[in-house]
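The values are calculated or read from the model by the stated rules, or taken from the named source; none is laboratory data. Remember, predicted model here, so these are calculated numbers, not experimental data. As a convention, Cβ positions derive from the backbone with ideal geometry for all residues, glycine included, and neighbour counts pool all protein chains shown.
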């Protein structure tokens with residue numbers, strides 16, 4: 001049975017965020033998650049003045065307002081949008097994902113669901129983990145779960161996204177399905193076909209079979225330290241920066257993450273002094289293949305504090321790995 005759970009870190013310095021808004025985490029079934037999602041309404045964009053002073057309504061903009069929710073019985077404005085903006089309530093996304101699951105003969109009640117939502121609810125990230133029959137062990141004893149993710153905002157700050165990917169429970173790493181991702185990306189303008197979520201789910205399940213074969217090949221693709229060093233100094237340093245490159249090299253060689261100590265002058269990501277920090281779960285003492293490199297990158301992406309950055313970094317992993325595939 002899936003047990004509902006809520007998690008909120010008290011330390012503001014480490015608490016997850018999304019565009020500087022603090023994020024809370026909830027876990028359970030789709031039904032459990034629904035009670036953590038507020039409702040919103042659209043209002044005219046106009047100033048409230050004291051003394052009954054006249055103000056003019058903005059003819060081109062509207063305000064998105066969060067309705068009273070839980071213990072907070074206030075109406076809270078969360079964003080200003082254009083008249084052409086299409087408001088997609090988070091609850092609608094939950095309804096569509098439930099129908100999508102049923103279309104592939106999966107009961108929504110059997111699916112572990114996670115919700116990350118901002119303080120006033122304006123942005124939501126929904127993760128649904130398909131049952132074990134869809135999981136896959138690439139050969140290292142650490143299974144990958146197939147996951148449907150939906151990202152939505154009611155204030156226009158992010159596009160609606162639905163995508164399929166893999167999730168490695170041992171280290172909470174995530175990879176997006178393949179180089180040719182199975183996803184939908186829609187602006188909140190005009191007709192947003194949330195029914196596309198069903199197509200994403202079906203296509204993602206189909207592509208997962210090809211992904212499994214890819215992972216098996218990645219496990220066979222040996223990456224030598226000298227080859228890795230060249231790739232880190234060139235592609236990874238350029239793509240993700242000096243620190244991420246140095247951490248990748250240290251994890252690959254030791255299985256431990258690291259804090260870069262410096263000095264940066266006259267050093268490279270390979271030579272700079274570091275201090276070992278935490279053991280990276282599921283990573284061997286010394287990595288050797290392409291799959292293990294992919295998991296190191298997924299670990300670094302997951303360690304980003306901002307939800308949007310986590311997604312952006314995960315999306316870059318397939319392209320970053322290409323030079324090691326040749």
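If you go through region 41-56 and keep only what is surrounded by fewer than 11 Cβ atoms within 10 Å (Cβ to Cβ) and touching a strand residue (DSSP E or B) at 6+ places or on another chain (Cβ under 9 Å), you end up with just 44. Can you confirm whether region 130-149 contains a residue that is buried (at least 21 other Cβ atoms within 10 Å of the Cβ), over 26 Å from residue 2 (Cα atoms) and modelled with pLDDT of 90 or more? Looking for residues that are buried (at least 21 other Cβ atoms within 10 Å of the Cβ), over 26 Å from residue 2 (Cα atoms) and modelled with pLDDT of 90 or more, one finds none in region 130-149, hence no. Check whether at least one residue in region 292-311 is more than 26 Å from residue 20 (Cα to Cα) and touching a strand residue (DSSP E or B) at 6+ places or on another chain (Cβ under 6 Å), and report yes or no. Taking every residue of region 292-311 in turn, at least one turns out to be more than 26 Å from residue 20 (Cα to Cα) and touching a strand residue (DSSP E or B) at 6+ places or on another chain (Cβ under 6 Å). Please count how many residues of region 240-250 are in contact with a strand residue (DSSP E or B) (Cβ under 6 Å, 6 or more places away or on another chain) and within 19 Å of residue 310 (Cα to Cα). Counting residues in region 240-250 that are in contact with a strand residue (DSSP E or B) (Cβ under 6 Å, 6 or more places away or on another chain) and within 19 Å of residue 310 (Cα to Cα) gives 3.
Taken together, the residues in region 260-309 that are over 22 Å from the mean Cα position of the chain (by Cα), in a loop (DSSP other than H, G, I, E, B) and surrounded by 18 or more Cβ atoms within 10 Å (Cβ to Cβ) amount to 3.
Here is a list: 304, 237, 247, 213. Which entry is within 30 Å of residue 161 (Cβ to Cβ) and in the same structural domain as residue 171 (by TED's automatic domain parsing)?
On inspection, the qualifying residue turns out to be 213.
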